[in-house]
Each structure stands twice: as structure tokens, then as C-alpha cells.
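Below: one structure, written as C-alpha cells.
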Ligand SMILES: Nc1ncnc2c1ncn2[C@@H]1O[C@H](COP(=O)(O)OP(=O)(O)OP(=O)(O)O)[C@@H](O)[C@H]1O
Ligand SMILES: [Mg+2]
């Protein structure tokens with residue numbers, strides 16, 4: 001490739017234009033996180049809504065400069081109103097839930113908005129109008145640069161300046177900054193917190209909507225826009241430092257430039273470039289370029305119950321669960337046995353995530369990496385090395401262990417959302433390597449023909465094998481939780497300062513927990529690959545990681561049964577409804593119902609229900625006794 | 001545990017300094033602490049007491065100065081390493097493990113002390129249970145062993161923290177406002193316990209305290225810190241009589257030091 005100055009400049013300007021778009025969306029997310037501490041996965045959906053609304057409104061308005069820019073602004077405001085409404089209707093009810101629980105609700109909103117958009121605009125992509133007056137291209141050094149890109153390049157800094165003005169020149173802006181720096185301050189200042197949160201959601205969503213509407217002249221509007229942008233937007237926010245608007249701008253530039261030029265430098269793993277940049281930044285600056293450490297080591301006090309050994313009732317519940325699975329497998333026909341096998345595998349996968357998340361206090365957004373690495377390792381061993389099933393099953397989790405040891409070492413240097421984003425980066429790097437190294441991994445076509453040995457070929461036998469291995473793995477995880485390691489791990493999560501002050505190397509324990517968790521995810525992975533007979537890159541992509549995260553959070557982070565309940569109900573319900581046309585909408589509504597009715601997850605909700613029933617039953621039994629005594 | 005040279009000081013601090021930005025929180029602090037001594041570090045709010053503690057156990061790295069513990073230079077050592085040498089502490093804002101029971105809080109320290117924290121398959125509940133019960137008994141918490149730590153009253157949390165700090169039989173305990181937030185009777189009781197621990201187990205204690213009754217009644221010796229500098233040192237009588245101390249606490253009034261309202265910085 002020759003070094004063509006015009007070409008480089010063209011790339012550079014295109015990158016700056018992309019940076020502006022990215023910045024608009026990211027700044028909104030950053031502001032929302034800064035004040036409310038909500039990890040808002042629906043932010044990409046706001047962006048998509050902005051694009052659709054912008055398309056429809058500008059189409060409806062008379063063509064012309066006023067129509068276009070006016071329509072764009074109206075679309076942004078409309079998205080702002082939608083965001084504020086969602087905050088009022090859903091999120092406000094769950095601010096007191098455990099950390100990251102709101103993330104589940106925002107994920108449900110993603111599903112709901114997807115289907116709502118599909119319903120309103122249909123599945124066909126829409127091609128919007130070009131911006132009037134900016135529909136040509138100017139020639140710079142022999143390279144044609146769209147005029148609209150130049151306008152976008154200017155819009156980024158202008159919006160940055162406007163936000164700065166609002167934050168420094170209005171009382172509201174000062175409050176927002178104060179709340180970003182110290183959340184307790186808001187209460188102390190006697191500020192109406194709900195009002196502040198709602199308005200922040202309005203501004204943040206409107207910025208995402210603006211970003212989406214401004215994108216209409218550049219790309220076709222489609223239902224993929226939300227998920228296509230969300231990961232990158234998170235990367236930008238995290239690199240900039242969560243809560244920092246200026247950071248979001250600098251990071252957007254950085255990412256856009258690396259995206260533009262990374263493909264020239266590292267074509268093999270170009271998809272992973274933003275994540276590599278994020279990982280490097282976070283390792284050097286664990287709270288991003290402009291972020292500050294989370295205020296203090298003493299985070300929100302946990303109200304978690306002490307860990308008790310399993311009582312009779314819970315043992316009975318486990319037996320009932322196993323019996324139910326066996327019933328599903330043997331009475332539910334071919335379909336039932338597949339579903340039951342899936343449930344066991346997914347439960348183990350969720351339980352492995354719960355180990356690091358619930359006991360270790362480390363949420364992972366990229367747990368599928370270890371599931372997938374182990375599955376691929378088993379596939380390699382079975383196909384390339386010709387190993388039979390059991391040795392492959394035994395050896396493959398070692399690959400997950402090594403990967404977890406490698407990535408975990410970096411991840412445990414951060415905490416909270418930053419740690420979670422590092423796990424996401426690790427998973428995305430693994431995913432893009434698997435996806436792009438197609439000579440070895442088959443790329444998108446995956447690896448086929450990874451079947452169990454002859455004796456385990458029947459679905460029923462394989463189910464029993466899965467059940468046996470899964471149960472042993474779950475029991476082992478439980479033992480570790482109740483062992484000194486599990487206790488000390490929880491101690492480190494509860495209060496790092498105190499744990500260090502009694503001699504505990506908290507980071508090393510977290511690292512070890514990361515590895516344990518990776519190994520058990522790997523066991524789930526090998527069970528999976530032989531159940532399906534194949535493995536594709538999808539199995540280590542973001543959606544799989546998020547499924548596990550949702551299962552753990554929905555089930556209840558604070559309960560050992562949470563992940564199992566979450567995994568079983570999630571898999572079963574989704575399986576049941578996914579044949580319906582608008583199943584995402586229904587699923588989203590169901591998730592929100594759980595989130596609102598059981599802010600401590602399904603396990604917590606059931607426990608409260610049980611106590612309520614027991615108390616009522618007890619009340620009835622006690623009364624006659626009292627009457628007798630009196 | 002390391003051995004102390006016979007009769008040598010347990011702790012020797014020299015020239016300890018720390019500033020935050022332009023704020024000189026601690027300036028050239030030097031003192032020594034003998035075996036079985038109960039030494040009080042007093043001073044108004046913001047005087048630098050907690051900052052001193054944080055430098056002693058390694059939570060903060062001093063800008064200058066040295067900390068020698070039992071003849072060994074521990075300056076800049078991590079808290080967990082200092083703890084292994086026998087330097088334990090409690091925190092001004094109590095630090096416990098809220099999701100655990102009272103006795104489990106103590107067991108964690110015992111597990112760590114016996115270096116069993118990486119054991120994957122034994123049952124933690126049985127780990128050092130008897131010893132933990134004895135420690136709880138020592139601080140008067142035996143009855144609460146199986147209560148959920150998050151339910152404890154503030155004073156009980158302080159006592160639990162003391163039990164945890166005693167788990168590895170420390171040579172030196174740093175106690176940052178051990179009685180803050182307690183009723184007067186409970187304060188006296190807790191400090192009497194601390195005094196007993198010093199007398200019976202040969203532990204040395206350095207503590208900070210705002211309640212002058214407690215300080216004058218129990219401390220063997222008192223250090224007074226003001227704006228990061230030690231301005232007086234001596235017995236209770238000497239401190240009571242010291243003109244500079246009176247000035248710091250009262251701006252030259254006639255009352256005894258100890259009134260918490262007197263905050264030169266505020
Ligand atoms: N991490 C920190 N960053 C910046 N300044 C700090 C920090 N910690 C303490 N300071 C400042 O150092 C000075 C000494 O604080 P320190 O907490 O040591 O006082 P103290 O004597 O323990 O007060 P109190 O009686 O209120 O506990 C104060 O001015 C405080 O604001
Ligand atoms: Mg203090």
C-alpha cells in the first residue's frame with residue numbers, strides 16, 4: 001500500500017465524522033451513568049429510535065433546511081421524552097436493588113423497543129433523505145469528502161460546548177456535576193432526586209436520539225442499529241471515564257481513529273481493535289482517561305443473608321428440580337430431552353458466573369469467552385487430535401482455565417463496571433480471533449461433527465451424562481463456596497479494606513475465583529459442544545454472555561439458588577415463547593414484571609412468598625393454641 | 001511473630017509526614033511506643049490522627065519518615081504484610097463483613113492467620129470455631145456469635161472489630177476512635193477491656209479518642225496532635241496542665257480539654 005496523503009486525509013475526516021456520532025450517543029450514556037449509576041443497555045435503542053423517528057419526521061415535514069434540522073431536533077426531543085418516561089415507569093422502582101440489577105431492566109427495554117420498532121416500521125430497512133444543502137462532496141487533496149461529514153465533524157464539538165455551558169452555567173448542571181462526583185451529596189443537598197434522575201434521563205436519551213437522527217443521511221435505518229452501536233458506545237464511555245463528557249469526546253475520537261486506521265494495521269483482528277484500545281487504557285488507568293475512582297472502598301452496604309448450609313426444605317427443592325428435569329427429558333419426547341439437557345448446561349454456566357459475581361463481587365460481561373474457548377478446545381481435540389469424548393471433555397476446560405488466568409489477571413486490577421468492561425473486552429478479543437481465524441476455527445461456519453462417543457449417542461443417555469456431570473460440578477461449586485476460600489472471597493467482596501487488614505490478598509483471591517469460574521464455565525462449554533455436535537463463534541459472542549448475566553441477576557445474585565432458578569426459567573420461558581411473532585416484546589415485559597415484583601430476583605421473591613405463606617399458616621395454627629392457653 | 005529486642009520499643013516513628021495537595025496533614029511526627037503501653041493520640045478534628053494511623057499500617061505511603069515495628073522497618077509495607085507481623089487495627093468507620101455472622105467475621109481472620117484461605121474443600125464453618133468463640137467471649141460478644149453482622153448495634157460492631165483484630169495475637173493494635181458513637185458507660189467498659197488486654201496479654205495499643213474522660217482515665221501516656229504536628233506529650237496531668245493544649249482545644253478558655261465543639265479548623 002502506498003502512502004497516499006489524500007487517502008489518509010479522507011480516512012481521517014471520515015473518522016472524525018464517526019467520532020461525532022459516537023460522541024453524541026456516548027455522552028448521553030455517560031451522563032446517565034454518572035448521575036444514576038445505571039448501566040443503561042437501552043441506550044443503543046434510544047439511538048435507533050432517534051434514527052427511525054428522524055427518518056419519519058423529516059419525511060413528513062416539507063423538504064428543506066428547516067424541515068431537516070427541525071425534524072432532527074424534534075426526533076431527539078421525542079426520544080428524550082421516551083427515555084424520561086421509561087425512567088419514571090420502570091427504572092424509578094428499582095433504584096434500591098442490588099448493583100447492576102437495573103441492567104436487567106434496561107435489557108428488557110432493549111427487547112421491547114426492538115419489537116415495538118419492528119411493529120411500527122416493519123422489517124425493511126429505510127433509506128432517509130440527504131441533508132439539504134449538504135448533499136454534495138468537496139474535493140480535498142483529490143479525495144471526495146461528503147459535505148455532511150464535515151457538518152458532523154463540527155457538530156460534535158458544538159454539542160460538547162453546549163453541554164459544558166449547561167453544566168457550568170445552570171443550577172441544574174451544577175447539581176448534575178455534584179451528583180456525578182458524589183452521589184450521597186444529592187441527598188445531602190436536599191435535592192429532589194427523582195426529578196434530577198428523570199431530567200438526566202431526558203437529556204441523555206435526547207443526545208442518543210440526536211445521534212441517531214443525524215445518522216439518517218449517512219446510513220440506512222435498520223433494526224440492527226441498536227446492537228451494532230451499543231458495545232462501541234460503552235467502550236467509548238469507559239475509556240473516557242464514566243460520567244465524563246469531555247472524556248467521552250476524547251475517547252470517541254480515539255476509537256474512531258483506531259477503527260479507521262486499525263484495519264490498515266491489524267486486519268486480522270480489526271473487529272477487536274476498539275476493545276484492545278479499551279483494555280490498554282483500563283490497564284494503564286483503571287477508571288478511564290478522565291474518570292475518578294469509585295468513591296471509597298465502602299460501597300453500598302449489602303443486606304445479604306449469611307450463607308447457611310442447605311436445610312431439609314432446600315434439599316427437597318433440589319430433588320424436586322432434578323425430578324422435574326428428568327420428567328421433562330423422558331416424558332417430553334425428543335423436544336423435552338433437548339430442552340432438559342440445555343437447562344442443565346445453562347444452569348451450570350450461570351452458576352459459574354454467579355460464583356465470581358455473587359461471591360466474588362465481580363460482574364462479568366464476557367463470561368461466554370470461557371464457555372466458548374473450552375467448547376472450541378474440545379472440538380479441536382475431537383476433530384484434529386481425534387480424541388474420544390471423555391478425554392476431550394476432561395482436557396478442554398484446561399484451555400478455559402488458562403484463558404481465565406490470563407485475562408483475569410488484568411481484569412481483577414479494576415473493580416465494578418470497569419472490571420466488567422474488561423471482561424467484555426477479553427471476550428470480544430477472543431470472539432474476533434475465533435471469527436477471523438477461519439483457517440483453524442472455520443470462522444462463521446464453525447466446527448461441525450463433534451459428536452459424543454457411541455455409548456452416549458442417544459439423547460437420553462447424553463442427558464443423563466450431562467445431568468451427572470452438571471450435578472457434580474454444581475455440588476463442587478457449592479463446596480467451594482462453603483470452604484475457607486469461598487468465605488474469604490465473600491469477605492473480600494464485603495469489605496476489601498477490612499479483608500486486607502486481616503492479611504488477605506484480596507486481588508489474588510479474586511483472581512483465583514475468576515479462574516475457578518472460568519473452569520466451570522468451561523465444563524458447561526464441553527457439555528454443550530457434544531450436545532449440539534457443533535460450535536460457532538456465536539457461542540462466545542456478547543448475547544451469550546448477556547444471557548448468563550441476565551439469568552444470574554434475574555434469579556437473584558444474593559442466593560445460591562438464584563442462578564439455577566434464573567437459568568431454568570429463562571431458558572424454559574424463552575423456549576416456549578420464541579415461536580410467537582413478537583416474543584421479544586412479551587419476554588421484555590415478563591422480565592420487567594419480575595424486576596419490579598422481585599427486586600431481589602426470583603429466588604428472593606420466592607423466599608418472601610414462602611415466608612408470607614408460612615407466616616399466614618403459622619398465624620392460623622398459633623391462634624387456637626393461644627386461645628387454649630388463655 | 002517477630003521477636004522484640006528485650007525492652008526495645010514496639011513501635012518507633014520518626015519524621016513521619018504526609019500532605020494532600022497543599023494540605024500538610026501530618027508533619028514530622030516522631031514518637032515511640034513501649035511494650036504493654038496504652039498510648040493515646042488526641043487532637044481536634046482534622047488534626048491528622050487517622051492519616052497517621054493509615055501510614056503506620058501501610059494504608060498510606062508516607063511522603064517522608066520511617067516506621068519501625070519491633071526493630072523492623074515497615075515503612076511502605078502493605079497492610080496485610082504489617083498484619084502478618086503482628087500489627088492490627090480497627091477503623092474509625094467500623095469495617096466488618098456485613099453479609100456474615102458475627103463469629104464468621106472472626107473466623108475469617110483466623111483462616112487468614114492460619115493461611116488456609118485458599119482451601120477449596122474443607123468446611124469453613126468449623127474452621128477455628130472454638131478459638132473464635134473464645135475471642136468473642138473476651139470482648140463480651142459470646143451471646144451474639146450467630147447473629148447476622150448487619151443487624152448489630154454500633155457499639156457491638158466496635159467490639160466485634162476488636163475481636164477480629166485480636167485474632168492473630170497482635171503485638172500492637174491501632175484503634176481509631178474505638179468508642180465513638182457509644183454510650184458513656186459502654187465507652188468506659190470497652191476501654192477497660194482494652195486496658196486489660198494490654199495488661200494481661202502484653203499487647204501494646206495506640207488509640208485515638210475524642211472523649212477526654214476515657215483518655216485521662218485509661219491512657220498511660222498521651223500525645224497531642226494539632227494541624228499535623230505533635231505539640232505535647234506526657235502523662236494525663238501534664239497534658240491537662242499544658243497551656244498549648246488548652247489553647248488548641250479551647251482557644252485559651254478555662255475548661256478542660258475535651259469539649260468536642262472546639263474545632264480550631266471548623
Ligand atoms: N485521602 C485524603 N485526601 C485528601 N485529604 C485528606 C485525605 N485524608 C485526610 N485528609 C485531610 O487530612 C487532614 C487530616 O485528616 P485526618 O482524617 O487524619 O484527621 P483526624 O485527626 O483523624 O480527624 P477526625 O478526628 O475528624 O477523625 C484533614 O484536613 C483531611 O481533610
Ligand atoms: Mg480520624
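Other chains near B:108-116: what is the mean number of their Cβ atoms within 10 Å of each residue's Cβ? Each step should come with its number before you reach the end.
Details: counts 12, 7, 2, 9, 8, 2, 1, 2, 5.
Mean inter-chain Cβ contacts per residue within 10 Å come to 5.
Just the C-alpha atoms of the stretch A:226-267: what Rg/Rh do they give, with Rh taken as the Kirkwood radius? Display every interim value, and only then the final one.
Details: Rg = 10.9 Å, Rh = 10.6 Å.
Ratio of gyration radius to Kirkwood radius for the stretch A:226-267: 1.03.
Which whole-number percentage describes the relative contact order of the stretch A:2-290, with Cα contacts under 8 Å and a sequence gap of 6 or more? Kindly include the intermediate steps, with their values, before the conclusion.
Working: 459 pairs, mean separation 110.8, N = 289.
Once normalised by length, the contact order is 38 percent.
Can you give me the angle between helix A:333-354 and the longest principal axis of chain A, using Cα atoms only, in degrees from 0 to 90, rounded to the nearest 10?
Helix A:333-354 sits at roughly 80 degrees to that axis.
Cα extents of the stretch A:310-405 along the three principal axes, largest first, in whole Å?
43, 38, 21
Which whole number of Å³ per residue matches the convex hull of the alpha-carbon atoms in the stretch A:85-170?
Numbers: hull volume 19.1 nm³, N = 86.
Considering the Cα atoms of the stretch A:85-170, their hull volume per residue is 222 Å³.
If you split all Cα-Cα distances of the stretch A:523-563 into 10 Å bins from zero, what percentages do you get per bin, shortest first?
27, 42, 29, 3
At 0.692 mPa s and 37 °C, plugging the Kirkwood radius over alpha-carbon pairs of the stretch A:382-496 into Stokes-Einstein gives what diffusion coefficient in µm²/s? Show your work: numbers first, answer last.
Details: Rh = 17.5 Å.
Rounded to a whole number, D works out at 188 µm²/s.
Using the C-alpha atoms of the stretch A:1-155, what convex hull volume per residue, in cubic angstrom, is computed? Walk me through the numbers before you get to the answer.
Numbers: hull volume 23.8 nm³, N = 155.
With only Cα atoms used, the stretch A:1-155 gives 153 Å³ per residue.
Highest mean first, what order results for A:563-569, A:281-287 on Cβ atoms within 10 Å? Present the calculation step by step, with values, prior to reporting the outcome.
Values: A:563-569: 26.3, A:281-287: 16.9.
Per-residue Cβ counts within 10 Å, averaged per peptide and sorted highest first, yield A:563-569, A:281-287.
Under the Kirkwood approximation for Rh and a Cα-based Rg, what ratio Rg/Rh is obtained for the stretch A:488-561? All intermediate terms of the calculation are to be shown ahead of the outcome.
Working: Rg = 16.1 Å, Rh = 14.7 Å.
Rg divided by Rh gives 1.10.
Mind computing the radius of gyration and Dmax over the alpha-carbon atoms of the stretch B:96-169? Å is fine for both.
11.4, 35
Distance from the Cα centre of the stretch B:85-100 to that of the stretch A:90-130, in angstrom?
Here the answer is 43 Å between Cα centres.
For the stretch A:541-588, which semi-axes, largest first and in whole Å, follow from the square roots of 5 times the eigenvalues of its Cα gyration tensor? Numbers along the way, then the final one.
Values: eigenvalues 85, 29, 14 Å².
Semi-axes (√(5λ), whole Å): 21, 12, 8.
What is chain B by shape, rounded, prolate or oblate, if you read a ≥ b ≥ c off the alpha carbon gyration tensor as root eigenvalues and call it rounded for a/c under 1.5, prolate for a/b larger than b/c, and oblate otherwise?
Values: a/c = 1.88, a/b = 1.46, b/c = 1.29.
It is prolate, given that a/c is not under 1.5 and a/b is the larger ratio.
Length gain on complete extension for the stretch residue A:292 to residue A:151, per 0.36 nm per residue less the alpha carbon to alpha carbon distance?
47.5 nm
Starting from the Kirkwood Rh over alpha-carbon pairs, what translational D in µm² s⁻¹ does the stretch B:1-140 have by Stokes-Einstein at 10 °C and 1.306 mPa s? List each step's numbers first, then the result.
Working: Rh = 17.2 Å.
The estimated diffusion coefficient comes to 93 µm²/s.
Could you work out how far the C-alpha centroid of the stretch A:593-610 sits from that of the stretch A:527-571, in angstrom?
What the calculation gives is 19 Å, centre to centre.
What does the stretch A:2-290 give for Rg and for Dmax, in Å, if only its C-alpha atoms count?
Here Rg and the maximum Cα pair distance are 18.9, 62 Å.
Among rounded, prolate and oblate, which fits the stretch A:427-495 when a ≥ b ≥ c are the square roots of the eigenvalues of its C-alpha gyration tensor, a/c under 1.5 means rounded, and a/b larger than b/c means prolate?
On the way: a/c = 5.08, a/b = 1.33, b/c = 3.82.
It is oblate, given that a/c is not under 1.5 and a/b is not larger than b/c.
Please give the average number of partner chain Cβ atoms lying within 10 Å of the Cβ of each residue in B:120-131, rounded to a whole number.
Details: counts 9, 7, 5, 6, 10, 7, 0, 3, 1, 0, 0, 0.
Per-residue shielding by partner chains comes out at 4.
How fast does the stretch B:65-210 diffuse by Stokes-Einstein, in µm²/s, taking the Kirkwood radius from C-alpha pairs at 25 °C and 0.890 mPa s? Could you put the intermediate results ahead of the total?
Values: Rh = 15.8 Å.
Answer from the Stokes-Einstein relation: 155 µm²/s.
With a cut-off of 8 Å between alpha carbons and a minimum separation of six or more residues, what is the relative contact order of chain B in percent? Please list the in-between numbers first.
Details: 512 pairs, mean separation 64.9, N = 266.
Here the relative contact order equals 24 percent.
Report the equivalent ellipsoid semi-axes for the protein assembly as shown in whole Å, largest first, defined as the square roots of five times the eigenvalues of the gyration tensor built from alpha carbon atoms. Show your work: numbers first, answer last.
Numbers: eigenvalues 526, 279, 145 Å².
So the three semi-axes of the protein assembly as shown are 51, 37, 27 Å.
Using only Cα atoms, tell me the angle between helix B:184-201 and the longest principal axis of chain B; keep it within 0 to 90° and round to the nearest 10.
70 degrees
On C-alpha positions alone, give me the angle between the axis of helix A:312-331 and the longest principal axis of chain A, in degrees, nearest 10.
Between the helix axis and the principal axis of chain A, the angle is about 80 degrees.
Report the antiparallel proportion of the DSSP beta bridges in the protein assembly as shown as a percent, rounded to a multiple of 5.
60 percent
Once label points are set 7 Å from the Cα along Cα→Cβ at both residue B:93 and residue A:611, what is their separation, rounded to one decimal in nm?
The two pseudo-label positions are separated by 2.7 nm.
Using only C-alpha atoms and all pairs of different ones, pull out the Kirkwood radius for the stretch A:310-355 in Å with one decimal.
Details: mean 1/r = 0.0877 Å⁻¹.
One over the average 1/r among Cα pairs gives 11.4 Å for the stretch A:310-355.
Tell me, what is the percent relative contact order of the stretch B:96-169, built from C-alpha pairs under 8 Å that lie six or more residues apart? Let's see the in-between values first.
Details: 81 pairs, mean separation 35.8, N = 74.
48 percent.
How large is log10 I(q)/I(0) at q = 0.17 Å⁻¹ when the Debye formula is applied to the Cα atoms of the stretch A:64-210, each weighted equally and without solvent?
Results for the stretch A:64-210 at q = 0.17 Å⁻¹ read -1.15.
Sorting check: for A:505-517, A:200-212, which peptide has the highest mean count of neighbouring beta carbons within 10 Å, and how do the rest follow? Show your work: numbers first, answer last.
On the way: A:505-517: 21.9, A:200-212: 29.0.
Per-residue mean Cβ counts within 10 Å order the peptides as A:200-212, A:505-517.
Which three semi-axes in whole Å describe the equivalent ellipsoid of the stretch A:1-66, each the square root of 5 times a Cα gyration tensor eigenvalue, listed largest first?
Numbers: eigenvalues 172, 107, 17 Å².
Gyration-tensor ellipsoid for the stretch A:1-66: 29, 23, 9 Å.
With each pseudo-label sitting 7 Å past Cα toward Cβ, what's the residue A:246-residue A:508 distance in nm, one decimal?
About 4.0 nm, to one decimal.
For peptide B:79-88, what's the mean number of Cβ atoms from other chains within 10 Å of each residue's Cβ?
3
Bear in mind that the values in this text are calculations on the coordinates, not laboratory data. Quick caveat, the model's predicted, so the values are computed rather than measured. Neighbour counts run over all protein chains shown; Cβ positions are idealised from the backbone, glycine included.
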